[in-house]
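Written out below as structure tokens is the structure these notes cover.
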Amino acid sequence: MTRNSPTTRPRLTVIGTGYLGATHAVCMAELGFEVMAVDVDTTKIERLARGETPFYEPGLDELLRRNLAAGRLRFTTSFAEVADFGEVHFLCVGTPQRPDGRGADLRYLHSAVSSLAPHLRRRCLVVGKSTVPVGTAADLAARLAAEAPAGASAEVAWNPEFLREGFAVEDTLRPDRLVIGVASPAAEAKLRAVYEPITGQHGTPLIVTDFATAELVKVAANAFLATKISYINAMSEVCEAVDADVTTLAQALSLDARIGGKFLRPGVGFGGGCLPKDIRAFQARAEELGVGASLGFLRQVDEINLRRRQRVVTLARKAVGGSLAGRRVAVLGAAFKPNSDDVRDSPALAVAELIAAEGADVVVYDPMAMENAARVRPELGYAPSAAEAITGAEVTVLLTEWAEFTELDPAAIAERAATSTVIDARHALDRDRWQRAGWTYLAPGRPVPDLARLPRPRSERLAMATARGVS
Ligand code: UDX
């Protein structure tokens, strides 16, 4: 038999077709596996089966269609069907923050296991990929042994996923590392076979460990990334106190190879469906385990992150002379980061909301996330382009660093703004270019020009000129 011959390959199933599950299903089919994915959301399954991804992820649509056409990828809403089809079942359901606290809400995970377990009649491996509180894999192993007709032959493994939105395909097909938590040599051998197309081709390191370590790797990685961002944002706060420049500070730090420049971009802080809820769930779990003090710093990481949103609002307030009530504010960006239409815990939308709460007339534009933004924040105004959002604005706030915004012609759009003042909350714009085009440029963590001398709105300037002309 040749290496990777289809006959040696287990048939795979994927439970849950959100960002993680849909990407995993498509990419495993791309690697040559036969894959069946299941979700309780009928609409999502119908769309996927038609070749439409229910969210924006570069490159995924094409791979989805290709693998549907090749007959390697199927979608269903039946757990009986997936149990019958597959030998390795990947659990990819969401584990959001609990509505009543900081811990992870495991209801979707438990419900998926309740739906699957009664159909597991032969030897199989159930592999958790969802981000979970440490200890969950052991709980699920006990549940499966008790609830599956196959008993202990329905084994559990844990295989955290590190994909970034916007790079999900790349991160799945060519990950930095693979981590598998297993309880038996058979489970290890099975997962090594599943990932052989990746490890064999790219030499990807594969770390084999126990359940708890595998679960912890994921939350520890995200906690580290969040801490790095909040570290540089804390430096921003110190810079603001002494009129220093955090962008230069970050650049100088990044040249120390021990520190490095990744995840050291200051600005409005982190958001999205992972980092914020993961650091909260990690703390909550540590407290349950009696080691809350060890992760006490994550509370500050969270607080620093949220304070950055408030700082942008303060700059906006200052820019318009003290009160945002009745002022027109253009917000560029709604997604939590560029190349995504995800608005979950988006700093951009949170800032837009805070500014609107002070009575401002907020007009938002985002290249990709308009629909999602309008669904969760219908009370905000929306414009069909950056230029239209900026038209008549007394201050323009850049909150997501889309290339479309960095490529704007500042001279052309200055004509449209009532006041050419921009707050570059992501340090994405070329400050000199914008200043040369007549804009007053403000950014968190950078020296703020004398606000008393900020330009007045065009309408006021015109009125003053007319008054001078008359007198
Ligand atoms: C993250 C992890 O990177 C990924 O490994 C994990 O699997 C899921 O969570 P993602 O949420 O897609 O991925 O986004 P990421 O690129 O990590 O960015 C998270 C947030 O941090 C964004 O809001 C981004 O704008 C912000 N960020 C990132 C900064 O503010 N500064 C930085 O230097 C880097």
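With a 10 Å radius around each residue's Cβ, average the other Cβ atoms per peptide and rank 227-233, 409-415, highest first.
Working: 227-233: 21.6, 409-415: 15.3.
With the highest mean Cβ count within 10 Å placed first, the list reads 227-233, 409-415.
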*Over 45 Å, how big is the tail of the calculated P(r) for the chain, in percent of all Cα pairs?*
20
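For every other residue with a beta carbon closer than 12 angstrom to the beta carbon of residue 239, add +1 if it is Lys or Arg and -1 if Asp or Glu, then tell me the sum. Don't jump to the answer; show the numbers that get you there.
Values: positive: 311, 446; negative: 237, 240, 243, 245.
Neighbour charge sum, excluding residue 239 itself: -2.
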*What residues of segment 209-229 lie in the reach of a label at residue 145, counting those whose backbone N is under 18 Å from a point 7 Å from the Cα along Cα→Cβ?*
210-213
*Take each of the peptides 247-253, 164-170, average the number of other beta-carbon atoms within 10 Å over its residues, and list them starting from the highest.*
164-170, 247-253
*So, in nm, how far is label residue 121 from label residue 80 when the simple model puts each one 7 Å beyond its Cα toward the Cβ?*
1.0
*asked:* Out of all DSSP beta bridges in segment 12-209, what portion is antiparallel? Express it as a percent rounded to 5.
replied: 5
*Mind pulling the per residue volume of the convex hull built on the Cα atoms of segment 12-116? Å³ is fine.*
100
*Where does each of 378-388, 14-24, 361-371 land if you order them by average Cβ count within 10 Å, highest first?*
14-24, 361-371, 378-388
*Spacing of the two label points (7 Å from each Cα toward its C-beta) at residue 289 and residue 43, in nm*: 3.8
*Computed helical MRE - 222 nm, the chain, DSSP H runs ≥ 4 contributing -39500 (n - 2.57), nearest 500*: -13500 deg cm²/dmol
*Once both labels are modelled 7 Å past Cα along the beta-carbon direction, what's the residue 189-residue 170 spacing in nm?*
3.7
*Around residue 264, what is the net charge, scoring Lys/Arg as +1 and Asp/Glu as -1 over all other residues with Cβ under 11 Å from its Cβ?*
+2
_At 0.36 nm per residue, and after removing the present C-alpha to C-alpha distance, how many nm does the segment from residue 152 to residue 433 gain when stretched out fully?_
94.6 nm
*Beta bridges by DSSP in the chain, antiparallel share as percent, to the nearest 5*: 5
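Given charges of +1 on the Cβ of Lys and Arg and -1 on the Cβ of Asp and Glu, with all other atoms neutral, how large is the dipole of the chain about its Cα centre, in debye to the nearest 20?
Values: 55 positive and 57 negative charges, 62 e Å.
For this selection, approximately 300 debye.
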*Projected onto the charge dipole of the chain (+1 at Lys/Arg Cβ, -1 at Asp/Glu Cβ, origin at the Cα centre), which of 40, 425, 356 gives the Cα projection farthest towards the positive end?*
425
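If you average 1/r over every pair of different alpha-carbon atoms in segment 12-209 and take one over that average, what Kirkwood value in Å do you get? Don't jump to the answer; show the numbers that get you there.
Details: mean 1/r = 0.0595 Å⁻¹.
The answer is 16.8 Å.
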*Using the Karplus equation 6.51 cos²θ - 1.76 cosθ + 1.60 (θ = phi - 60°), what ³J(HN,Hα) coupling, rounded to whole Hz, does each residue of segment 121-135 give in order, writing x for Gly and Pro?*
9, 10, 3, 7, 10, 9, 10, x, 10, 4, 7, 9, x, 4, x
*Between Rg and the Kirkwood Rh of segment 268-376, both from Cα atoms, what is the Rg to Rh ratio?*
1.07
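For residue 357 and residue 259, what does the FRET efficiency come to when R0 = 41 Å and r is the distance between their Cβ atoms, rounded to the nearest 0.05? All intermediate terms of the calculation are to be shown ahead of the outcome.
On the way: r = 37 Å, r/R0 = 0.90.
That pair, residue 357 with residue 259, gives E of 0.65.
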*What net charge is computed for the residues neighbouring residue 397, neighbours being all others with C-beta under 12 Å from the C-beta of residue 397, Lys and Arg scored +1, Asp and Glu -1?*
+4
*What's the lysine pair count for the chain at a Cα cut-off below 17 Å, pairs eight or more apart or interchain?*
10
*How big is the equivalent ellipsoid of segment 214-471 along its three axes, where each semi-axis is √(5λ) from the Cα gyration tensor, reported in whole Å from largest to smallest?*
35, 20, 16
*Can you list the trypsin sites (Lys or Arg not before Pro) in segment 78-132 that are in a DSSP coil and have 15 or fewer other beta carbons within 10 angstrom?*
121, 122, 123
*Which of the listed residues, 144, 449, 172, is farthest toward the dipole's positive end in the chain, when Lys, Arg count +1 and Asp, Glu count -1 at the beta-carbon?*
449
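Just so you know, all these numbers are worked out from the coordinates, no wet-lab data involved. Every value quoted in this text rests on a predicted model; they were computed, and no experiment measured them. Neighbour counts run over all protein chains shown; Cβ positions are idealised from the backbone, glycine included.
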